[in-house]
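Derivation of every value follows stated rules applied to the coordinates shown; laboratory data play no part. Every value quoted in this text rests on a predicted model; they were computed, and no experiment measured them. Here the Cβ positions follow ideal geometry from the backbone for every residue, glycine too, while neighbour counts run over all protein chains shown.
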Amino acid sequence: MSTAVTTETMPRRSWKEFILDQLRPRGPIFTPFNVISAPVILAGMVLVVIRFWKGIGAVTNLNQSYPWGLWIGFDVMTGVAFAGGAYVLTAAVYVLHAEKYHPIIRATVLNGLLSYMFYAGALMLDLGRPWHIVNPIIGNRFGYNSILFLVAWHFLLYMTSEFLEFSPAIAEWLWLPKLRRFLGMLTLPTVIFGVTLSCLHQSGLGALFLFNRNKLHPLWYTEFLPVLFLVSSVFAGLSMVIFEGSITHRVFRAQLDPKKHHDFDDIILGLARGAAATMYVYLFFKLLVFVHGKHWHYLGTKWGWWWLVEIVGFVAVPLAIYTHGYQARRIGAIRLAAALTLVGIILNRMNVCFIAFNWKSPVTYVPAVAEVVITLMVVFLEIWAFRWIVHRLPVLREPPAWAREG
Amino acid sequence: MEVHHYVNIFETKGVEYILVILFLLTFVIFMRHLKRHAPVRRQGPPPPPRLEETIVAPPKDSSGGR
């Protein structure tokens, strides 16, 4: 029985039968991905228990000089940038009426929602006293002027917004037509609210480093860090949509309408064009900031070479490949450019967060194995959750007939 | 007394203005360049021959050869 039929026939069955059916695994269990990811998730969970049992020092190499390491650099900074595709595409589809991208909007929003839930949720691991995470929300000893205060509220509100944007799919899954109609009416205002929040907290993450003028290397430090974080989140998000969309398109091919397979290539091309245009703007900003800061003399140093690797290797080169891929209609080249761009974003966020941070200090930071394992656990858990939802909810496949007519 | 050279484009930030103007110009050129692309290739079987080519029009060598 296909999953589409399961959704259509849901009202005829009891809730108990429905829940039991939804808990039933779809597809084979011993796939290569499951065999690799399951042990990593189990090992990560053991390490998480140790982290909360013995403290953060037991599983990380963080120290007084490097309070933010891999978990902040990758999970929060990079994860939130990768989730940027959701606000870019929802604005394009619901505000600008770029209907071409409508078939991938639910998968993109779901990916954004899960990214925030898992990556920003991993912030709990990094807090020395995780129970204090509620302080900004309940008004217990927080600073109104703190950027972290803004980021904390924005994460909470944006996760709520993304949940509301995705909730029509949940209503369709649970066969609740009245709720589906109501949630459908909420979509546009929620999208506008979500885009506003995203622009602010994407740049807010860059603003967190503004008071580190003396700690962050001058090639990375600039008062325009918020702008750079915002612009880079646009092409990071679009590249993530291309990368993730290409994989889901292959893995969940059976769920897609065969007539729309060609449309997906057109969508990829459109996204590539958007990514290329934004990367061009980003590259110019980086050049302008470089000239403005008069940083010529750093180029001959090892930090200068490392900066050039990031800018040339993972911004200029993917930009050229995106341009060529779009012009020649080569989807493979566009996927390569997307992968390189994602690596570049990871590199940039890690450079800002800890590689080029405290660059004069003799104390160094190298992530511990446990940090890497827990990070992989978070990534794999997010993929498992994404797969579980896509198999059951109308994310890629067509919604039920009553929802389409309504 | 500090000397300020108005002809130095680095001190006057003239180079930054030039960069911004160059960016605005080159961005337009870049977007126009990006628009030029190869024709869309669709995978699948070749389109069927047009009806008049196969039925209505007589074969070339049926009458023209005599």
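Here are the numbers for the structure shown:
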quantity: Scan of region A:252-284 for residues that are hydrophobic (A, V, I, L, M, F, W, C), more than 9 Å from chain B (Cβ to nearest Cβ) and in contact with a Phe, Trp or Tyr (Cβ under 9 Å, 6 or more places away or on another chain), ordered by number; calculated: A:LEU256, A:ILE267, A:LEU271, A:ALA272, A:ALA275, A:MET279
quantity: Selection status of A:TYR365, surrounded by 20 or more Cβ atoms within 10 Å (Cβ to Cβ), away from chain B (no Cβ under 14 Å), over 23 Å from the mean Cα position of the chain (by Cα) and not β-branched (Val, Ile, Thr); calculated: yes
quantity: Check on A:VAL315, within 18 Å of A:ASN61 (Cβ to Cβ), without any contact (Cβ under 8 Å) to a residue 40 or more places away in the chain and not small (Gly, Ala, Ser); calculated: no
quantity: Any hit, region A:250-263, residues being surrounded by fewer than 16 Cβ atoms within 10 Å (Cβ to Cβ) and touching a Lys or Arg at 6+ places or on another chain (Cβ under 7 Å); calculated: yes
quantity: Candidates A:ALA277, A:ALA368, A:ALA338 - the one that is in contact with a Leu (Cβ under 9 Å, 6 or more places away or on another chain), closer than 23 Å to A:THR222 by Cα and among the aliphatic types (A, V, I, L, M); calculated: A:ALA277
quantity: The one condition in (1) in contact with a Pro (Cβ under 9 Å, 6 or more places away or on another chain); (2) at negative phi; (3) within 10 Å of chain B (Cβ to nearest Cβ) that A:ARG329 fails to fulfil; calculated: (2)
quantity: Hits in region A:363-406 - residues which are of a type in the set (Lys, Arg) and assigned to a helix (DSSP H, G or I); calculated: A:ARG387, A:ARG392, A:ARG404
quantity: Residue ID - nearest to the chain's Cα centre (by Cα), chosen from residues in region A:191-230 that are among the β-branched types (Val, Ile, Thr) and surrounded by fewer than 21 Cβ atoms within 10 Å (Cβ to Cβ); calculated: A:VAL195
quantity: Condition broken by A:GLY128, with the remaining ones in (1) more than 22 Å from A:GLY184 (Cβ to Cβ); (2) part of a loop (DSSP other than H, G, I, E, B); (3) free of Cβ contacts under 8 Å to residues at least 12 places away in the same chain satisfied; calculated: (3)
quantity: Exclusive hit being among the aliphatic types (A, V, I, L, M) and within 30 Å of A:HIS262 (Cβ to Cβ), set A:LEU228, A:LEU205, A:LEU188, A:LEU174; calculated: A:LEU188
